[in-house]
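First comes the structure, then the notes that go with it.
The values are calculated or read from the model by the stated rules, or taken from the named source; none is laboratory data. These numbers were taken from a predicted model, which means no experiment stands behind them. We place every Cβ from the backbone using ideal geometry, glycine too, and count neighbours over all the protein chains shown. Surface areas here come from the heavy atoms of the whole protein model, side chains and all, with no ligands, DNA or RNA. Shrake-Rupley method; radii C 1.70, N 1.55, O 1.52, S 1.80 Å.
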Amino acid sequence: MTDGGNMRPLQFTHFGAAGWKITDGETVILLDPYLSRVRFQGRRYGPHDATEIPDDPRPVVKMSEPAGHDTATIDRHVPKADFIILSHSHFNHAMDIPYIANKTGAVVIGTESTCNIAINGGVPDEQIHAVRGGEDYQYETFSIRVIPSLHSALSCKLYKDFGTIPVQDDPLCLDDYVEGGTLAYLIRIGGREVLLFGSMNFIEREVEGLRPDVAFIASAPPRLDIHDYTARLMRCLGQPPLVVATHWDDQGLPFGAPQDKALAHTDAFIQEVKAASPDTEVFVPRHFQTLALDAQGRMRVVN
């Protein structure tokens, strides 16, 4: 945790799923910016089909088919980006990165699979920084420690999603977006340390001793397949002052659809955090809400 010198306000805007915009007012960093909200059908792990709602205007996309980008939503919410960091390469984390990177000129940081998604989408080589975990890179306005991590144990621990996304000429189908390895990130920006997870799992020895000012923790029900997930993580991180629940929503629903069922599951996550770390303040942001962290370390919802 930082000690109070040269603190600048930060803002965090939730894009749904594990997606975030992080900015100090100068640099804009995106984590897992998935805004296309595909109405998928036939997924192997997790929910097999997107949740059905009346009068859903979105086309059904089979996992054996490519999906288009919701460019209108992306353009509305991502006018600028300097960096895009990816926790892993499933479509509901990574499919929008080529469009965003080509539109904004952002640098893409991620695994070989993530880099190949960018290459397949025509992102120039100079905008692609490959990492595998263990790197600690300094950029002009922030630094980033890349942390080896683990994906959630989906489908009652029957999750088997091996391989690497290849470089290819044909458009990627939804099923082509294999995990490709999972990473977490510690970003040092604005005088703060921000820890970011994109899935409901972690490697204890890799995060033991980190002291982030704010931790973004994936909180959906698959966390329950991991032994003592929330309490163990709180202990590893020294009971962080601020926790933000991420990856809590039903990503098969379009933006604007009710998320009551998914939100109800976050109550148990909050209780788990509080049981292990009573002084931690927990936030569960809705889609496109912005959290502001001021120079004194206070967090509030600004919209």
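In the set (1) within 20 Å of the chain's Cα centre (by Cα); (2) part of a loop (DSSP other than H, G, I, E, B); (3) at negative phi, Phe288 fails one condition alone, (3). Among the residues making up the stretch 263-286, those that are open to solvent by 40 Å² or more (accessible area, probe 1.4 Å) and within 20 Å of Phe15 (Cα to Cα) are Ala264, His265, Arg286.
Do the conditions hold for Ala81, that is, is it open to solvent by less than 40 Å² (accessible area, probe 1.4 Å), of a type in the set (A, V, I, L, M, F, W, C), touching a residue at least 24 places away in the same chain (Cβ under 8 Å) and closer than 30 Å to Phe142 by Cβ? Here the answer is yes, as Ala81 does meet what is asked.
Being closer than 30 Å to Asp55 by Cα and either open to solvent by 10 Å² or more (accessible area, probe 1.4 Å) or free of Cβ contacts under 8 Å to residues at least 12 places away in the same chain (or both), is that true of even one residue in the stretch 228-247?
Initially, the stretch 228-247 is screened for residues closer than 30 Å to Asp55 by Cα, giving 245-247.
Still in the running and either open to solvent by 10 Å² or more (accessible area, probe 1.4 Å) or free of Cβ contacts under 8 Å to residues at least 12 places away in the same chain (or both): 247.
Within the stretch 228-247 (the criterion being closer than 30 Å to Asp55 by Cα and either open to solvent by 10 Å² or more (accessible area, probe 1.4 Å) or free of Cβ contacts under 8 Å to residues at least 12 places away in the same chain (or both)), the answer is yes, since at least one residue qualifies.
Among the listed residues Ile84, Ile100, which satisfies the condition of being part of a strand (DSSP E or B) and closer than 15 Å to Gln127 by Cα? It is Ile84. From the list Glu193, Glu206, the lone residue that is in a strand (DSSP E or B) and surrounded by fewer than 24 Cβ atoms within 10 Å (Cβ to Cβ) is Glu193. Filtered by the rule that a residue be among the hydrophobic types (A, V, I, L, M, F, W, C), part of a strand (DSSP E or B) and in contact with a helix residue (DSSP H, G or I) (Cβ under 8 Å, 6 or more places away or on another chain), the stretch 104-147 gives Val107, Val108, Ile128, Ala130, Ile147. For Asp55, are the conditions met, namely being open to solvent by 40 Å² or more (accessible area, probe 1.4 Å), over 25 Å from Met200 (Cβ atoms) and either touching a Gly at 6+ places or on another chain (Cβ under 6 Å) or of a type outside the set (Lys, Arg) (or both)? When the stated conditions are applied, Asp55 passes them. Within the stretch 103-148, the set of residues being open to solvent by 20 Å² or more (accessible area, probe 1.4 Å), in contact with a strand residue (DSSP E or B) (Cβ under 8 Å, 6 or more places away or on another chain) and over 18 Å from Ser89 (Cβ atoms) comprises Gly134, Asp136, Tyr137, Tyr139, Thr141, Arg145. Tell me, yes or no, whether the stretch 14-25 has at least one residue that is crowded, with 23+ Cβ neighbours inside 10 Å and more than 16 Å from the chain's Cα centre (by Cα). No: the stretch 14-25 contains no residue that is crowded, with 23+ Cβ neighbours inside 10 Å and more than 16 Å from the chain's Cα centre (by Cα). Condition check for His151 on (1) closer than 15 Å to Asn201 by Cα; (2) of a type outside the set (Gly, Ala, Ser); (3) open to solvent by 60 Å² or more (accessible area, probe 1.4 Å): one failure, at (3).
Candidates in the stretch 228-259 are the residues that are aliphatic (A, V, I, L, M) and outside any loop (DSSP other than H, G, I, E, B); of these, the one that is farthest from Leu291 (Cα to Cα) is Ala231. Applying the condition of being open to solvent by 20 Å² or more (accessible area, probe 1.4 Å) and among the charged types (D, E, K, R) to the stretch 209-227 and asking which residue is farthest from Val194 (Cα to Cα) yields Asp225.
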